[in-house]
Amino acid sequence: MSDQYRPKPDDRSDNVEKLQDMVQDTIQNIEKSHETMQYSSGKEKEAIQEKNKRREQAIEGMRQEIKDEYKDQN
């Protein structure tokens, strides 16, 4: 098998840091959306609130994944 078709090795050494960055980015998106909601109408506001609920669920999942990755590294 040539190197061109060989899968790259699974490097998980920086997963915790990447996940932490993703959590921070998502929190920033939630904060920005709160500012946007001040200038939004009813349906837009509702859509933003729903999206923020999904973001909060994603954050919880990422935090659990951070815990799991941290355990695996130690």
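The values are calculated or read from the model by the stated rules, or taken from the named source; none is laboratory data. None of the values given here were measured: they were computed from a predicted structure. Every residue, glycine among them, receives a Cβ derived from its backbone with ideal geometry; neighbour counts consider all protein chains shown. Heavy atoms of the whole protein, side chains included, go into the accessibility calculation; ligands, DNA and RNA do not. Shrake-Rupley method; radii C 1.70, N 1.55, O 1.52, S 1.80 Å.
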The stretch 5-22-the stretch 23-42 distance, computed between alpha-carbon centres (Å): 28
The chain, accessible surface, carbon-and-sulfur percent (1.4 angstrom probe): 47
Solvent exposure of the stretch 6-72 as accessible area per residue, Å², 1.4 Å probe: 82
Pairs beyond 25 Å (Cα-Cα), from K18/K71; K43/K67; K32/K53: K43/K67
Under Karplus coefficients 6.51, -1.76 and 1.60, residue-wise ³J(HN,Hα) of the stretch 65-72 in Hz, glycine/proline x: 5, 4, 4, 5, 5, 4, 4, 5
³J(HN,Hα), Karplus 6.51/-1.76/1.60, whole Hz, each residue of the stretch 23-38, x for Gly, Pro: 4, 4, 4, 5, 4, 4, 5, 5, 4, 5, 5, 5, 5, 5, 4, 4
Label zone at D25, where the point sits 7 Å out along the Cα-to-Cβ direction: the stretch 50-65 residues whose backbone N lies under 14 Å: 59, 62
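About the Cα centre of the stretch 11-74, what is the dipole size in debye to 20, counting +1 per Lys and Arg Cβ and -1 per Asp and Glu Cβ, all else neutral? Don't skip to the answer; put the middle values down first.
Values: 12 positive and 16 negative charges, 66 e Å.
Dipole of the stretch 11-74, to the nearest 20 debye: 320 debye.
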